[in-house]
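Quick notes on the structure that follows.
The values are calculated or read from the model by the stated rules, or taken from the named source; none is laboratory data. In this text, all values refer to a predicted model and were calculated from it rather than measured experimentally. Methodologically, a virtual Cβ is constructed for each residue, glycine included, from the backbone with ideal geometry; neighbour enumeration extends over all protein chains shown. Please note that ligands, DNA and RNA were not included when accessible areas were found on the heavy atoms of the full protein model with its side chains. Shrake-Rupley method; radii C 1.70, N 1.55, O 1.52, S 1.80 Å.
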Amino acid sequence: MVGKLRALLWDLDGTLAETEEVHRAAFNRAFAEMGLPVFWDQDLYRSLLETTGGKERIARFLQDCQGCPPLSPEEIARLHRRKNELFAELLAQGVDLRPGVFRLLWEAKGAGLRLALATTTSPENVHVFLARTGLEGVFDLILAGDVVPRKKPDPAIYLLALKRLELRPGEALALEDSRNGLLAAFRAGLPVLVTPGLYTAHQGFPEAQAVLTHLGEPGRPGQVLQGPRQGQALVADLAYLEEVRGWWST
Ligand code: XBP
Ligand code: MG
């Protein structure tokens, strides 16, 4: 065990992999199948991601959509279920983990740290994703979707993770890719390492203890944009994560 770090709490979409592009494609296919005159391009989707959760995102979009038919909560739920079926089909074509994710998960597991997944996405998407990426059975705890009444940036999912793991915030580190995720973890009192991705690189992360382009692999280091060793290129290993946690506690 390195220092006092006892668990890593991982976000899924954008952090483990760039799955938001797969979600976007699945939303668009579901809209087309249901005859809705809607297409979410990357720029629009970037702004729609401010609302976390697929059902919530559809409902928020429809509020401002000129020419869209009003949908009942039941119709939105049906559309969202279909979107998740399409997400599973698209994921079957393959998805890559972001650099350093697999390496760090196994380093942490080997060192006896507990691994939790704290994600806004639906549980069925989590299980398909873990099966496709060979990560089934890796996480000790999986918290997903409507397991909490309010999604990120509300801290509920991280508070529940800490409760289930019986840990204090300083004994864990959250890994996130977005401002909503960062705020959820920060509001739960956790130190946070952010690896911004395709849809979040434009965001600011002032509450994060560290911001890296990605976690890095030997021969392909990540760049530290903020936090300990700012400006350096490195492979984020457990010793570095402990340094990040140390910054939080000082
Ligand atoms: C992820 C999300 C999710 C996905 C869609 O946020 O916001 O809503 O976009 O998932 P985070 P569902 O990475 O912060 O957890 O359609 O299954 O809700
Ligand atoms: Mg995310």
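Counting only protein chain heavy atoms and rolling a 1.4 Å probe, the accessible areas of Phe87, Phe39, Phe186 rank, largest first, as Phe39, Phe186, Phe87. Carbon-plus-sulfur accessible fraction, the chain (probe radius 1.4 Å, protein heavy atoms only): 52%. When Ser72, Ser122 are compared by accessible surface with a 1.4 Å probe, the order from highest to lowest is Ser72, Ser122. Nearest-5 percent of antiparallel DSSP beta bridges in the chain? Restricted to the chain, the bridges split so that about 25 percent are antiparallel.
State which stretch of the chain is the longest one without any exposed GluC sites (Glu not before Pro), exposure meaning a DSSP loop state and at most 15 other Cβ atoms within 10 Å. So the longest stretch without any such site is 51-135. Could I have the simple spin-label model distance between Thr213 and Arg132, label points 7 Å from Cα toward Cβ, reported in nm to one decimal? Once both label points are built, they end up 2.6 nm from each other. Extension gain for Lys109 to Arg78 (0.36 nm times residue separation, less C-alpha to C-alpha distance): 7.4 nm.
The distance between label points at Glu33 and Glu56 comes to 2.4 nm (points 7 Å beyond Cα on the Cα→Cβ vector). Measuring between alpha carbons in the structure, the pairs from Lys83/Lys163; Lys4/Lys109; Lys55/Lys152; Lys83/Lys151 lying more than 22 angstrom apart are Lys83/Lys163. Debye-formula intensities of the chain, expressed as log10 I(q)/I(0) at q = 0.07, 0.11, 0.12, 0.17 Å⁻¹, are -0.23, -0.56, -0.67, -1.29 (one equal scatterer per alpha-carbon, no solvent). Going by a ≥ b ≥ c, the root eigenvalues of the Cα gyration tensor, does segment 20-91 fall in the rounded group (a/c under 1.5), the prolate group (a/b larger than b/c) or the oblate group? Rounded is the answer for segment 20-91, as its axis ratio a/c remains below 1.5.
Applying 1/(1 + (r/R0)^6) with r as the Cβ-Cβ distance of Val147 and Asp96 and R0 = 45 angstrom yields a FRET efficiency of 0.95. Taking each DSSP H run with n ≥ 4 as -39500 (n - 2.57) and averaging over every residue of the chain yields -12500 deg cm²/dmol at 222 nm.
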